[in-house]
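Read the structure below first, then the notes.
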Amino acid sequence: MNGTLEFDELSSGEVSSEQALALFDELEPVNLEFMLGRWPGHGFPTGHRMDGLLEHFHWYGKVFENTETVHPLVFQHRNEKQLCLNPIWFPLRMAARSPVSMSAITSRVFDWAMPLLQTRRSRARLRMTEYRGKVSATMVYDHKPINDVFRKIDDNRVLGLMDQKGGGARPFFFVLERIVE
């Protein structure tokens, strides 16, 4: 089956991690140049503990200026300004869809704290890595044991898989959609 058609069919609701991995394996790899630009994002629900968490905190996506200058966590602040946040402040092991993390109060506190957590410095870079038998563009965090591996859905969308050391058997999936200027 065509990877784009399968993605469109599966993206209408929550899928299993196994279905998402099968789709990911079917999609084409991408090169570094393909990833350059601004990429708004959203989750690809698989029942992972992080599903919906980034969106709850107004995650915008990622910005790839060049292979050495990558902003992995860009959020939309209440004043409509986008802020690049330093991933070092995010305890991903503790992230979960819990009543506390998903509460309106937590979201408001995070929105207030965003300016304190921001950085102007790049906090990741792009490299070609092999994952599940294919070499593809991968975002490597500077200070976290995390690699985000990308596969092509179509000319302006990628399916990302967060490969976190010690993160368990079920990866977190997300979709990035390129801003076409």
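The values are calculated or read from the model by the stated rules, or taken from the named source; none is laboratory data. Keep in mind the model is a prediction, meaning the values are calculated, not measured. So basically every Cβ, Gly included, is an ideal-geometry build from the backbone, and we count neighbours across all protein chains shown.
Across region 126-163, the number of residues qualifying as surrounded by fewer than 18 Cβ atoms within 10 Å (Cβ to Cβ), in a strand (DSSP E or B) and touching a helix residue (DSSP H, G or I) at 6+ places or on another chain (Cβ under 7 Å) comes to 1.
Restricting to region 164-181, and then to whatever is surrounded by 13 or more Cβ atoms within 10 Å (Cβ to Cβ) and not in a strand (DSSP E or B), can you tell me which residue is modelled with the highest pLDDT? Across region 164-181, the extreme among qualifying residues is Arg178.
What number of residues in region 60-77 are more than 21 Å from Thr129 (Cβ to Cβ) and either under 15 Å from the mean Cα position of the chain (by Cα) or at pLDDT 95 or above (or both)?
4
Screening Met94 with (1) under 18 Å from Gly61 (Cβ atoms); (2) modelled with pLDDT under 85 gives one miss only, at (1).
Please state which one of Phe34, Phe24, Phe57 is touching a residue at least 24 places away in the same chain (Cβ under 8 Å) and touching a helix residue (DSSP H, G or I) at 6+ places or on another chain (Cβ under 6 Å).
Phe57
Total residues in region 60-81 satisfying the condition of being surrounded by 18 or more Cβ atoms within 10 Å (Cβ to Cβ), on the phi < 0 side of the Ramachandran plot and either in contact (Cβ under 8 Å) with a residue 60 or more places away in the chain or not hydrophobic (A, V, I, L, M, F, W, C) (or both): the figure is 6. Residues of region 7-18 include none that is among the small types (Gly, Ala, Ser) and modelled with pLDDT of 95 or more.
Here is a check on your reading of the model: is Phe57 modelled with pLDDT under 95, over 23 Å from Ala169 (Cα atoms), touching a Ser or Thr at 6+ places or on another chain (Cβ under 7 Å) and crowded, with 18+ Cβ neighbours inside 10 Å? So Phe57 passes the test.
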